[in-house]
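This report concerns only the one structure given below.
The values are calculated or read from the model by the stated rules, or taken from the named source; none is laboratory data. Quick caveat, the model's predicted, so the values are computed rather than measured. Cβ placement follows ideal geometry from the backbone for every residue including glycine, while neighbour counts extend to all protein chains displayed.
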Amino acid sequence: MYQIRTLRLLPKNSMGQSWKLATVDYTTAATRPASSGTGTEQTETIVIPKRIQRSPTDLLQSLASTVGRDATAPHFKYSDDPFLIPMSNVAKRTYAMSKEAGRKAAKWIKEEHRELFLHQEAQPAIEKFAPRLIFSEDSEVDEVVLKKLIEQGQLSDAVFVYKLLEEKGVQISKELKQSLLEMVCFFNNQEPLSEEYIEERWFLQNNRRRERGVGKTWKDGDLAENLYASIEPKTPQAYATLIRGMAKYLQCERAYALLQEAGEKEIILDTNTFNAVIQIVSLLKDTAEQRWQLTQDLLQQMAKQQLIPNLGTLNALLECISTFGNFKLARQTSLQVLAEFKELNVSLSLGSYYYLLIIFCRERGPVSHIIVDILNEISGKEFSIQHPKDTYFFATAMDVCRNHLHDKVLAKKVNDLLHTGKNYDLIGDSFKESVYYRHYLALLCQTETVDDFMVTYDLIVPNIYIPEPGIMEEILRSLEINGSVEQIPRIWSDMVIFDHTHRESLLLYVLRIMVDNHRPDNEQLSAQCCQVALDMYQKIEEQTSAAGKRNLRKNFVSFTGQMLGDILTLIVRGGDVNHFEQANEVFNYIDKNQHSIPGTPSDVALQEYVRSCVHHKAPTQSLLVLQYAVENNMESSKLAQIIHQGFTLNEIHLAKLKSLVGDMDSLLLK
């Protein structure tokens, strides 16, 4: 553009000469004439490389690979703001889904007020930005409209237009009916969730897994079967589509019957159709022998039709074998299958290794070290998704390392494989990611030193994984065994953030670790433990008062005598005057509510509190403790001795002491 403007400003008689001068800059050595000098000039050839297909995010991925992942930062889908970073599994789901809900709201506004979005500023026009067409009984439709809707994946509109064409008597081609049949069978005539709602699809995977366990969800007598009936003569594609749809939604008997019908009519089907039926063999037959016999019959039918097995066939066979109750038969047949497919040069995917782990590493079967061979085979390799079950491998492998072999070395190898290249893309949905790190942290806290474990803990928690209460209990058990009371303030802070303060078992664990691992020489640690105890006391008190106002009977922690005794002990060990006043507050609560609090504080807790009363010269408070012990049939002689030896009591206090424990002289002789 700049060059054209320059030419317009030049005199006409000099335009040709100027153009020649301008083109000199674009002349390469390859096209420049050789000089007439005596020397020989080397010519250079420029080779333009072939275009490489790039995705829209390739540049961003290249930039991200230069900096790596920041373990202290939240996932990019969350706002990097302290008040908006989720700190619990519930919050992660809520924040992500609320962001998705905003997109849905925007899309709803675009659809409801389509008159406001008719302008097209982009050239060429971006079809996604345009409002979705609305079809009615009076709409002018034809095969072209139906074909376009099928290509766009708009199931409900495609079905409506198809029925409208049928009502108007418009002839629809067999190919178009086949395309519609494929879409209806794939989605079971249910409008699919849009691919742009990534978070909702991510978090709903676990729900879909539970729905699959319910049983058959295929819609009998629905549009799919009507479309299939309207296709005459029946084609192999029509048979294959309906069989796969029925197999996917667990209409097993009819899918197998259709397969047999196609075989009787000598209709050649494809490999993937047989794979779909092999996957549901476990639902067709009961015993392992019957399942394996039916599987062999299906493989023979494939051989008769000269169909070549593929990776889907291998994984379907392994899935069927994994359901065998006879583990010896399962191991034997799986090894036979692997040998056969090795001859066919079929490479295993992560899904294949997942099935092998299921077959060999059973909870009630003999111990197997097959995962060692698997990791030796695939360590350092980068995988891509080839089968839906590929995303199950890492969570299952970590489960085997923890529960089957209890081997942290293998667990670290699995973790290294996960972080090789782009393998993390195969971690699966949010549920599988959580299961993976649950097993990983639980195994490390049982097998590593506390310091080494806390390094891994800091890398993972909370931005990648938030420990569930069960894993937090495992961590506390490890800290208790190692006497690592110095880690408790950090763990307690995480428990508060992760909303674990309503778990009574966790609170008792924290208190027990701090009480049993007292370090008098570390005043800072004693003050931190005291603060943890005070914080716990306040939170339980808030829960109790809130539950009383709302008449709640569950999901809150109530005080017990043992719990209050531990809190009292930790506050006393704080050593400060303010802490003593707070200890008095806690004991007064115990004394006032002793008829409603189950259990009593330990004798050691009351004795430490009385010694603190002696230290702070509070004889009246110490006599209240003695009175509480007497009323609750606790050991009182030791308390009386501490009070008598620690104070110079006046007559009133001596009279009170005598009324509680009797003659002090006889008590001291004991």
Scanning the stretch 344-365 residue by residue, the ones that are more than 22 Å from I427 (Cα to Cα) and not basic (K, R) total 5
Before we move on, is N315 surrounded by 15 or more Cβ atoms within 10 Å (Cβ to Cβ) and closer than 27 Å to N403 by Cα?
yes
List the residue pairs whose Cβ atoms are under 8 Å apart, where the first residue sits in the stretch 284-312 and is closer than 18 Å to L250 by Cα, the second is assigned to a helix (DSSP H, G or I) and of a type in the set (K, R), and the two are 6 or more positions apart or on different chains.
L284/R291; K285/R291
S636 vs (1) within 19 Å of E581 (Cα to Cα); (2) of a type outside the set (A, V, I, L, M, F, W, C); (3) buried (at least 20 other Cβ atoms within 10 Å of the Cβ): all pass except (1)
Residues within the stretch 571-611 that are hydroxyl-bearing (S, T, Y) and crowded, with 23+ Cβ neighbours inside 10 Å, tallied
1
Does the stretch 97-114 contain any residue that is in a loop (DSSP other than H, G, I, E, B) and surrounded by 13 or more Cβ atoms within 10 Å (Cβ to Cβ)?
no
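Only residues that are buried (at least 18 other Cβ atoms within 10 Å of the Cβ) and within 32 Å of the chain's Cα centre (by Cα): list them for the stretch 335-352, please.
Across the stretch 335-352, the qualifying residues are V346, L348, S349, L350, G351, S352.
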Name the helices (runs of 4 or more DSSP H) wholly inside the stretch 163-273 in which the number of residues that are of a type in the set (S, T, N, Q) and within 24 Å of L283 (Cβ to Cβ) is 2 or more.
198-212
Which condition number does V170 fail, the rest of (1) at pLDDT below 90; (2) within 37 Å of the chain's Cα centre (by Cα); (3) within 22 Å of A238 (Cα to Cα) being met?
(2)
Name the residue that is farthest from the chain's Cα centre (by Cα), counting only residues in the stretch 300-309 that are within 13 Å of I278 (Cβ to Cβ) and outside any helix (DSSP H, G or I).
L307
Within the stretch 547-557, does at least one residue satisfy the condition of being crowded, with 20+ Cβ neighbours inside 10 Å and in a helix (DSSP H, G or I)?
no
Do we have any residue at all in the stretch 279-299 that's small (G, A, S), over 30 Å from K342 (Cα atoms), within 37 Å of the chain's Cα centre (by Cα) and at pLDDT 90 or above?
no
Going by the conditions given, is A91 of a type in the set (G, A, S), under 30 Å from I460 (Cα atoms) and either in the same structural domain as E191 (by TED's automatic domain parsing) or free of Cβ contacts under 8 Å to residues at least 24 places away in the same chain (or both)?
yes
The lone exception for T295 - which of (1) part of a loop (DSSP other than H, G, I, E, B); (2) β-branched (V, I, T); (3) farther than 24 Å from A238 by Cβ it fails
(1)
For the stretch 419-430: of the residues being part of a helix (DSSP H, G or I) and surrounded by 17 or more Cβ atoms within 10 Å (Cβ to Cβ), which is modelled with the lowest pLDDT?
S430
Taking only the stretch 432-467 into account, find how many residues are hydrophobic (A, V, I, L, M, F, W, C), surrounded by fewer than 16 Cβ atoms within 10 Å (Cβ to Cβ) and part of a helix (DSSP H, G or I).
2
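Among the residues of the stretch 485-524, what is the count of those that are among the β-branched types (V, I, T) and either surrounded by fewer than 17 Cβ atoms within 10 Å (Cβ to Cβ) or within 29 Å of the chain's Cα centre (by Cα) (or both)?
Of the residues in the stretch 485-524, 6 are among the β-branched types (V, I, T) and either surrounded by fewer than 17 Cβ atoms within 10 Å (Cβ to Cβ) or within 29 Å of the chain's Cα centre (by Cα) (or both).
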In the stretch 135-153, is there at least one residue being of a type in the set (S, T, Y), surrounded by 15 or more Cβ atoms within 10 Å (Cβ to Cβ) and in contact (Cβ under 8 Å) with a residue 12 or more places away in the chain?
no
